[in-house]
1. Between L55 and V73, what length in nm is gained on full extension when 0.36 nm per residue of separation is reduced by their alpha carbon distance?
2. About the Cα centre of the stretch 52-182, how large is the charge dipole given +1 on each Lys and Arg Cβ and -1 on each Asp and Glu Cβ? Please answer in debye to the nearest 20.
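Read-outs: derived from the displayed coordinates by stated rules, not from any lab. Since we're looking at a predicted model, the values are computed, not measured. Cβ sites come from the backbone with ideal geometry, for glycine too, and all protein chains shown count toward neighbours.
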Amino acid sequence: LSLLLQSVIFHNFVYAFLISNRFPVCRLTKSISVVMDTLVDIFYFSFLQCPNLRLKLPRWVQMPSAMVVYALVLLSYFFVTGGVIYDIIIEPPSIGSTVDAKGHSRPVAFLPHRVNGQYIMEGLAASFMFVLGGIGFVVIHRANLPSVTKGNRSMLLFFGIGCILISYIACTTFIRIKLPQF
């Protein structure tokens, strides 16, 4: 190990010396790099060996099904697009309030005029719409499988397109509520 450390120190010293004396470093650096790779292979990997272990997983550990993985990915997508990390750090209120023309307090679900801020319910509603649109695309993809009958295919296509349209209309409405001049 000390030999390896000495070779690294020597390599750095030679490199600094060559730079300070303005030698053509490019060619020498390549040859020094080859030498260093050889030294690392010889000294570092000569005493390191892979252990001969036979590790077995417990019987109760199994590979999750595709639907479990899909559900976990969809749930994490919901939390990330909903701004849960933002909600934990900033701790905004779940909904806001505003005063109307008569002086009464009204609840507000969307934080107006701020793109980089949100209420908790606003983030969850937007995230639900993103997930709904994603599910619509997955349903449309599933409708094109060869094992789906014609009646089910048309029903799945209608449902998938409906999910995508509802998601798109709701998201554009959310943006127009948040940014009235948009």
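1. Values: separation 18, 0.36 × 18 = 6.48 nm, distance 2.87 nm.
Net length gain for the segment: 3.6 nm.
2. Working: 11 positive and 4 negative charges, 108 e Å.
Taking the Cα centre of the stretch 52-182 as origin, the dipole is about 520 debye.
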